[in-house]
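Only the coordinates and a few stated rules stand behind these numbers; no lab work does. In this text, all values refer to a predicted model and were calculated from it rather than measured experimentally. Cβ coordinates were reconstructed from backbone atoms using ideal geometry, including for glycine residues, and neighbour counts include every protein chain displayed.
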Amino acid sequence: MKILFKIFAIIFCCNSALYAQESAQKMFYYLQLKDKNNSPFSLENPSVYLSDRALLRRTEMNIPVDSSDIPVNPLYISEISNTGAEIFATTRWLNGLTVRLNDSAAILPLLRDFNFIEKIEYTGIDIQPSAFAAASIPAENIINNSYSTTYGGGYSQINQINGLPLHQRGFRGGNIQIAVVDAGFTNADVHTAFDSLRADGRLLGTRDFAYNTGNVFCRSTHGAAALSTMASNVPESLIGVAPDASYWLLLSERIQGEYPVEADLWITAAEFADSVGADIITTSLGYFNFNDYSLNYSYTDLNGQTIRASRAADIAAEKGIILFNAAGNEGASSWRYINVPADAQQIISVGAVNSAGISASFSSYGPTADGRVKPELCAEGVSAAIGNFLTPDYFSTGSGTSYATPILAGMTACMLQELKAGNISYSPATVKDALIRSSSLFPANDEQQGYGIPDFETALTLFLTSQTSELQNINYFNIKEENNFYYIKINIAAQTNAVSVFNTLGQCLQYVSTKNAEILIDKTAFPKGILLLKVQNEKFAAVEKVVNN
């Protein structure tokens, strides 16, 4: 486990050989299976193991259900369980499972006799949580109703990425599902920040993959704080970037010690998010060093292919999920680099900057071992506004790539809502490309910031421009030139309409918001050449090119 916030350190050095000699010590192992032969599951009936929403995502993105979607063969699970091994977690994507053994010396020989097991790998010891205090986030500053702006402390972090225009058009993440994979959500079930989330039924569910207790509202406040950057909805204290989105809270971290088993549990959580139909996964976790030093990852492992969790992260993207992972807080340490699975190729890894856009000293560096730009993007992660989950009615600030990551994930939910409103197709790859191209340093990049701070209004415009044709737009609005004006008539009734004028670089030249369905834009205010007129309201968003003569 590596919670990507500096909470506290537990020094618990051990050696796997020593623990292997202690039969009373429970131990984790990963079993790689050879096949899924004779499985009762089939590709012809995927609704048995994938929700309707998960299948719809695949249909919309032309992603076929394939063998990686089929669960681990229950016949194999039964035979493994009969040896006395406790089945702790499974991965259908990689066709493997994690077992917990009470007596490794007795059970391992039995497992090695199975011809359907390809490899057995030790992944850590089972340290019981009762021996350690729960991890908490110390408040840097207690804040309560101390802001003049409705957004409270959240204003800076949403304004930095130019997300306010999306909110002003009514796109605040509605009907988008975000899975938060983290270390614990202490007091998220009672904190004022999430009153509307709970009241509206948008807290869709929780799962505990770390301890299998069923309770995620314990262990750590880290996940709750990350969630608050998105879902908090308390005017003048903290409005998050996606206060209308729906959320799954998934606990995958065992906060006692550091072992590779946690990366495998992360995979199971990501697969669950896929199965229920989540649109986005945000995770502020990462892995590189462990209590048993012989298990540490090396920098050369950071190629997106070596470590299972990184391969699984890419599979999540292949299933149509937009996955954000914190780059890590090791920028000032001897390790310095990003963590796993932030090295995965198809996901978006996120670094941290302050409110002025300057890189946080702690934000981890790229590139990956194979030379790819990582992180790709960054957002505010220095004294970011969060909920204080040690005091249920209060808010505070915290620093870490842990907070920059959900800020971008939540704002992306707002962008997806707007794309869906305009019936515009998207994929993880096209969303990632639009965010990168909108960013402050693009086409250049930096080892800590990647391509820089994304501009969501520009990203949306670039995205729509590449996806939308004049034929598609005509159902939504009509444009005519009259004298020195563009006369725009909006055909889809809404409470508020908006027109944005962009140049071909994606720079906004003018923005008009009105309740009128007919809008005049003075064409003489713009340079000659190609302009992009984006017309939108809470029901659609579309772009048309015009030649300004």
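Before rounding to the nearest 500, sum -39500 (n - 2.57) across all DSSP H runs of length at least 4 in the chain and divide by the residue total; then give [θ] at 222 nm in deg cm²/dmol. Intermediate results must be reported in sequence, preceding the final value.
Numbers: 14 runs with 131 residues, N = 549.
Theoretical 222 nm ellipticity from helices: -7000 deg cm²/dmol.
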inquiry  = Taking the alpha-carbon distance from K36 and a cut-off under 19 Å, which lysines remain once sequence neighbours fewer than 8 residues away in the same chain are dropped?
reply    = K119
Binned Cα-Cα distance frequencies in the chain - 10 Å width, integer % = 4, 18, 28, 25, 15, 7, 3, 1, 0
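Hey, fewest Cβ within 10 Å first, where do C378, C414 land in order?
Details: C378 34, C414 29.
Least crowded to most crowded, the residues run C414, C378.
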task = Count the DSSP beta bridges whose two residues both fall in the chain, then state the antiparallel fraction as a percent rounded to the nearest 5.
result = 70
ask   = Excluding the sites themselves, what is the longest stretch of the chain that contains no trypsin sites (Lys or Arg not before Pro) in a DSSP loop with at most 11 other C-beta atoms within 10 Å?
value = 1-514
request  = Name the long-range amide H neighbours of T397: under 5 Å, sequence gap of 5 or more, or other chain; modelled H, no Pro or chain starts.
outcome  = E140, N141, I386
J(HN,Hα) series, the stretch 387-394, from Karplus relation 6.51 cos²θ - 1.76 cosθ + 1.60, nearest Hz, glycine and proline x = x, 9, 8, 8, 10, x, 9, 10
request  = Estimate the FRET efficiency between N38 and A356 by the formula 1/(1 + (r/R0)^6), using the beta-carbon distance for r and 51 Å for R0, to the nearest 0.05.
outcome  = 0.25
ask   = What FRET efficiency, computed as 1/(1 + (r/R0)^6) with R0 = 60 Å and r the Cβ-Cβ distance, is obtained for N175 and Y293, rounded to the nearest 0.05?
value = 0.80
Given K26/K432; K420/K515; K420/K489, the pairs whose alpha carbons are separated by over 32 Å = K26/K432
query = Angle between the Cα long axis of helix 261-276 and the longest principal axis of the chain, 0 to 90 degrees, nearest 10?
reply = 50
request  = Would you mind getting me the FRET efficiency between E121 and A444? Use the beta-carbon distance for r and R0 = 60 Å, nearest 0.05.
outcome  = 0.90
ask   = Relative contact order of the chain: what whole-number percent is it, with Cα pairs under 8 angstrom and at least 6 residues apart?
value = 15
query = For the stretch 290-301, in order, what is each residue's ³J(HN,Hα) by Karplus, 6.51 cos²θ - 1.76 cosθ + 1.60 with θ = phi - 60°, in whole Hz (x at glycine and Pro)?
reply = 9, 4, 8, 4, 5, 9, 4, 7, 10, 4, 5, 6
request  = Return the sequence-ordered ³J(HN,Hα) values of the stretch 91-106 in whole Hz as given by the Karplus equation 6.51 cos²θ - 1.76 cosθ + 1.60 applied to θ = phi - 60°, using x for Gly and Pro.
outcome  = 9, 6, 4, 9, 6, x, 8, 9, 10, 10, 10, 6, 9, 4, 4, 8
